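What follows is a set of notes on a single structure, which appears directly below.
The values are calculated or read from the model by the stated rules, or taken from the named source; none is laboratory data. Note that the coordinates shown come from a computational prediction; the quantities given were computed from them, not determined experimentally. Here Cβ is always computed from backbone atoms with ideal geometry, including for glycine, and neighbour counts include all displayed protein chains. Keep in mind that these areas ignore ligands, DNA and RNA; they rest on the heavy atoms of the full protein, side chains included. Shrake-Rupley method; radii C 1.70, N 1.55, O 1.52, S 1.80 Å.
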Amino acid sequence: MRTAAPRSFEARPARGVSGRLTVPGDKSISHRSLMLSGIAEGTSEISGFLASEDCLASLAAMRALGVSIEQPGAAQVRVHGAGLRGLKAAPHALDMGNAGTAIRLFTGLLAAQKFDSRLIGDESLMKRPMERVAKPLREMGALVRTHDGTPPIEITGGRRLHGIEYPMPVASAQVKSAILLAGLYAEGPTTVIAPAVCRDHSERMLLSCGVRIETEGLRSTIFPPQRLASRRLEVPGDFSSAAFFIVAGLLGAGGDGLLLQNVGLNPTRTGLLDILRSMGGQIEIEHARLSGAEPVADLRVRASALRGVEVPAALVPLAIDEFPACAGGETLITGAEELRVKESDRIAAMSAGFRALGVEHSVLPDGMCIEGRADGPAFRGGEVDSCGDHRIAMAFSIASLRAAGPIAVRDVANVATSFPGFVQLARSVGLDVAES
């Protein structure tokens, strides 16, 4: 019997954190490993797979498309690839739940198939913008329909795609990946040009499967292959999940600090380390190594006196968490428009939480200015609505390390989409978080 998802967290002030932990596997890499293994030839073994609701939605979708997948353990997946042109029409609409990555990447993968497809999601996902993916795919020759720019997404099969050169208006790894996946089936090479650095997990994984991809600066060009090779994949710990415990360590790690093991340190993901170090954070990288195509390491985090900074625009998407409220002085974040179209309007959701907990701040159209406190409680106790956003829920749970009283966080069910076992892991290192 499936356990009912928690509705609320209660995070009580804790004395500090210590010990070591391993965060769950990387969500972005887990999604991609299923898709590419599913269209490869032969059997791929995936270890460290993130068995979250988001990634299980991708797994179910690949099975519905005719791919045989075994899951001998929660973090172990065996995919018997159907080959580049071996997918079959799903008998029903593909339900992506809350997974924005899945719905956009599957749109690219399915745009060139010989059959029709329909993609849907939960209430939150059905409100998220999809034309940013549909538009370049149409330029390639695909027939993709959205409903006023949002899901459901309907794809007509049997279209012949051609390669294009596409300058993305906004840096988005999801859009880039969708175009590259469609480019696997196009006539001629396909080039995507990003306006700024964004995640490159797809390029790394495609290369490891034998696909020719050339990257020069912000340009990525894919050349359609005859086949994809199966392989053994090791998914590192998710840096986005580790971020909450990095902040927890900076706010309250005792002794030798908090050790986070086997964290993925893809350079397109780790801008947060630069931000936190510029704020005075003590973070050491230990045992750096490669896990397949991805760099990984252990992170030792020590309690630090943080100071406010002006966050560089290139690092802004990683910056709106609770940590600026615990830094002495003003922290300025601008250029963060993309955060308004995530699982929630994250700028508005963080602002509402800050108001509830007594944090001085002002909201900007594209960010926030926060007046933080480096000593004493940075938050009073209170109640916060996460707006169904898993990252907002986890952020305010970590805030309890610097709170004067308990913080009740409502609407937390979606934490399971990215971080199953968050509460148990938080409690194992000293946080006082309970779910109900």
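Starting from the range 343-363, keep only residues that are under 21 Å from Arg128 (Cα atoms) and of a type outside the set (Lys, Arg), then list their pairs with residues that are part of a loop (DSSP other than H, G, I, E, B) and open to solvent by 10 Å² or more (accessible area, probe 1.4 Å) whose Cβ atoms are within a distance under 6 Å, requiring at least 6 positions of separation or different chains. The qualifying pairs are Glu343/Ser124; Ser344/Cys387; Ala349/Cys387; Met350/Ile320. In the condition set (1) over 15 Å from Ala253 (Cα atoms); (2) of a type in the set (A, V, I, L, M, F, W, C); (3) at pLDDT below 95, Val423 is compliant with all but (3).
For Asp375, the conditions (1) assigned to a helix (DSSP H, G or I); (2) open to solvent by 50 Å² or more (accessible area, probe 1.4 Å) are fulfilled apart from (1). The residues of the range 2-18 that are open to solvent by 20 Å² or more (accessible area, probe 1.4 Å), over 17 Å from Val301 (Cβ atoms) and at pLDDT 90 or above, listed by number, are Glu10, Arg12, Pro13. Mind checking whether some residue in the range 227-243 is surrounded by fewer than 24 Cβ atoms within 10 Å (Cβ to Cβ), free of Cβ contacts under 8 Å to residues at least 40 places away in the same chain and within 23 Å of the chain's Cα centre (by Cα)? No, every residue in the range 227-243 fails to be surrounded by fewer than 24 Cβ atoms within 10 Å (Cβ to Cβ), free of Cβ contacts under 8 Å to residues at least 40 places away in the same chain and within 23 Å of the chain's Cα centre (by Cα).
Within the range 173-203, being surrounded by 20 or more Cβ atoms within 10 Å (Cβ to Cβ) and of a type in the set (S, T, N, Q) holds for Gln174, Ser177, Thr190, Ser202. The sole residue among Ser18, Ser8, Ser47, Ser37 that is out of contact with any Pro (no Cβ under 6 Å at 6 or more places or on another chain) and within 11 Å of Val235 (Cβ to Cβ) is Ser47.
Inclusion of Ala112 among residues that are over 28 Å from Gly388 (Cβ atoms), at pLDDT below 95 and surrounded by 19 or more Cβ atoms within 10 Å (Cβ to Cβ) is warranted. When the test is whether a residue is of a type in the set (Val, Ile, Thr), within 20 Å of Gly97 (Cβ to Cβ) and open to solvent by less than 40 Å² (accessible area, probe 1.4 Å), Ile398 does not pass it. The requirement of being under 25 Å from Ser291 (Cα atoms), hydrophobic (A, V, I, L, M, F, W, C) and touching a residue at least 24 places away in the same chain (Cβ under 8 Å) is satisfied by Leu50. Name the one entry in Thr268, Thr331 that is at pLDDT below 90, crowded, with 24+ Cβ neighbours inside 10 Å and more than 20 Å from Val17 (Cα to Cα). Every option except Thr331 fails the conditions.
Inside the range 131-157, residues that are in a loop (DSSP other than H, G, I, E, B) and either closer than 25 Å to Leu218 by Cα or open to solvent by 60 Å² or more (accessible area, probe 1.4 Å) (or both) make up a count of 4.
Of all residues in the range 307-328, those satisfying the criterion of being at pLDDT below 75, farther than 13 Å from Leu251 by Cα and hydrophobic (A, V, I, L, M, F, W, C) are Ala313, Ala314, Leu315, Val316, Leu318, Ala319, Ile320.
Show the residue pairs meeting these rules: Cβ distance below 8 Å; 6+ apart or different chains; first residue within the range 163-189 and touching a residue at least 24 places away in the same chain (Cβ under 8 Å) and over 17 Å from Leu105 (Cβ atoms); second residue among the acidic types (Asp, Glu) and open to solvent by 20 Å² or more (accessible area, probe 1.4 Å). Filtered contacts from the range 163-189: Gly163/Glu187; Ile164/Glu139. Which of the residues that make up the range 114-162 are in contact (Cβ under 8 Å) with a residue 12 or more places away in the chain, farther than 15 Å from Asp95 by Cβ and among the acidic types (Asp, Glu)? Those that are in contact (Cβ under 8 Å) with a residue 12 or more places away in the chain, farther than 15 Å from Asp95 by Cβ and among the acidic types (Asp, Glu): Asp116, Glu131, Glu139. As a summary of the residue check, Gln424 satisfies the conditions (1) crowded, with 16+ Cβ neighbours inside 10 Å; (2) in a helix (DSSP H, G or I) except for the one numbered (1).
Return yes or no: is Ala253 aliphatic (A, V, I, L, M) and either closer than 23 Å to Val197 by Cα or open to solvent by 10 Å² or more (accessible area, probe 1.4 Å) (or both)? For Ala253, the condition - aliphatic (A, V, I, L, M) and either closer than 23 Å to Val197 by Cα or open to solvent by 10 Å² or more (accessible area, probe 1.4 Å) (or both) - is met. Six or more apart or on different chains, Cβ atoms under 8 Å: show the pairs whose first residue is in the range 82-106 and under 11 Å from Arg118 (Cβ atoms) and whose second is of a type in the set (Asp, Glu) and part of a loop (DSSP other than H, G, I, E, B). These pairs meet every condition: Ala89/Asp116.
Only residues that are outside any loop (DSSP other than H, G, I, E, B), farther than 19 Å from Thr146 by Cα, of a type outside the set (Ser, Thr, Tyr) and at pLDDT 95 or above were counted in the range 158-178, giving 3.
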